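The block underneath contains the structure these notes are about, expressed in structure tokens.
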Amino acid sequence: MKESTHLITGPLQQDFIAQTLISHQTLKNIGAHSLFLGSVRQDQKDGKTVTGIEYSAYEEMVAVAVQEIKDQLFDKYPDLVCLHIYHGTGLIQTGEISLFVLVSSPHRKQAIHACEECVELIKEKLPVWKKEIYSDGSHAWLKN
Amino acid sequence: MKVRYFGVLSEITMKISEEIEFQGSVSAFKSLLTNRYSEMNDQDFRVAVNQKMVDDAHILTEEDELALLPPFAGG
């Protein structure tokens, strides 16, 4: 599994998600973790079934966008301890996880609100594209 | 100047990147591009130079990395 700071090749694996949570146990000022997992849904479109989504990204600009998102959220929610964003790239099949966001703070309100806003900002600002793959082998490019 | 194509644009050009010799504005570059790849005319995309979004009036130089970005679809 290739790992740059925020992009993972393939789906996010359960072990990775668990390890990320476990690694936060040493940060004793955290009282709340709010987590979001995005997965690929098996939609039906024009009689075709989605089998997966192929994600691609402008890696260098993802780093810039993530920094902007973090700056914005740490500014708005100053108690946040940390915020992690991981997005899968390449083919991710239905049921598999494409996005993992973890936000941690001393108290729950900031973690919950910042996590929700983080997901919306990711959809708005992250230079990532998705190609929906169908059971008949055809595909379509999607927009947010 | 390195030009990188993302999303559906890489399908239209059948490339993920290429070197194009060009100096001038982004809007002039867009004209060059739509002459070369006519399907670009129907596409909605923004332009980033060295990972920063720019507008049509921006002047490009030989050392720039240009990226053509269709609407984002992450998450």
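Taking the range A:23-72 as the search range and keeping residues that are in a loop (DSSP other than H, G, I, E, B) and hydrophobic (A, V, I, L, M, F, W, C), which one is farthest from the other protein chains (Cβ to nearest Cβ)?
Among those that are in a loop (DSSP other than H, G, I, E, B) and hydrophobic (A, V, I, L, M, F, W, C), it is A:LEU27.
Is it fair to say A:ILE112 is aliphatic (A, V, I, L, M), more than 7 Å from chain B (Cβ to nearest Cβ) and under 29 Å from A:GLN44 (Cα atoms)?
It is false that A:ILE112 is aliphatic (A, V, I, L, M), more than 7 Å from chain B (Cβ to nearest Cβ) and under 29 Å from A:GLN44 (Cα atoms).
Condition check ((1) at positive phi; (2) within 14 Å of chain A (Cβ to nearest Cβ); (3) assigned to a loop (DSSP other than H, G, I, E, B)) across all residues:
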{"residue": "B:ARG4", "(1), (2), (3)": "no, yes, no"}
{"residue": "B:SER10", "(1), (2), (3)": "no, yes, no"}
{"residue": "B:LYS15", "(1), (2), (3)": "no, yes, yes"}
{"residue": "B:GLU21", "(1), (2), (3)": "no, no, yes"}
{"residue": "B:THR34", "(1), (2), (3)": "no, no, no"}
{"residue": "B:ALA48", "(1), (2), (3)": "no, yes, no"}
{"residue": "B:MET53", "(1), (2), (3)": "no, yes, no"}
{"residue": "B:ALA57", "(1), (2), (3)": "no, no, yes"}
{"residue": "B:GLU63", "(1), (2), (3)": "no, no, yes"}
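State all residues of the range A:79-89 that are assigned to a strand (DSSP E or B), more than 14 Å from chain B (Cβ to nearest Cβ) and open to solvent by 10 Å² or more (accessible area, probe 1.4 Å); if no residue qualifies, say none.
Within the range A:79-89, A:CYS82, A:HIS84 meet the criteria.
Provide a single number: the residues in the range A:1-59 that are open to solvent by less than 20 Å² (accessible area, probe 1.4 Å) and over 22 Å from A:LEU126 (Cβ atoms).
Final tally of qualifying residues: 2.
Name the single residue that is nearest to B:VAL8 (Cα to Cα) among those in the range A:120-144 being open to solvent by less than 10 Å² (accessible area, probe 1.4 Å) and in contact (Cβ under 8 Å) with a residue 60 or more places away in the chain.
Across the range A:120-144, the extreme among qualifying residues is A:TRP129.
What tally of residues in the range A:60-78 results from selecting those that are open to solvent by less than 40 Å² (accessible area, probe 1.4 Å) and under 14 Å from the mean Cα position of the chain (by Cα)?
The number of residues fulfilling the criteria is 4.
Considering the range B:1-53 alone, what residues qualify as being open to solvent by less than 70 Å² (accessible area, probe 1.4 Å), in contact with a Ser or Thr (Cβ under 8 Å, 6 or more places away or on another chain) and not small (Gly, Ala, Ser)?
B:MET1, B:VAL3, B:ARG4, B:TYR5, B:PHE6, B:TYR37, B:MET40
The values are calculated or read from the model by the stated rules, or taken from the named source; none is laboratory data. The structure presented is a predicted model; accordingly, all values stated were derived computationally and were not measured. Heads up, the Cβs are rebuilt from the backbone with ideal geometry, glycines too, and the neighbour counts pull from every protein chain shown. The accessibility values were calculated without ligands, DNA or RNA, using every heavy atom of the protein model including side chains. Shrake-Rupley method; radii C 1.70, N 1.55, O 1.52, S 1.80 Å.
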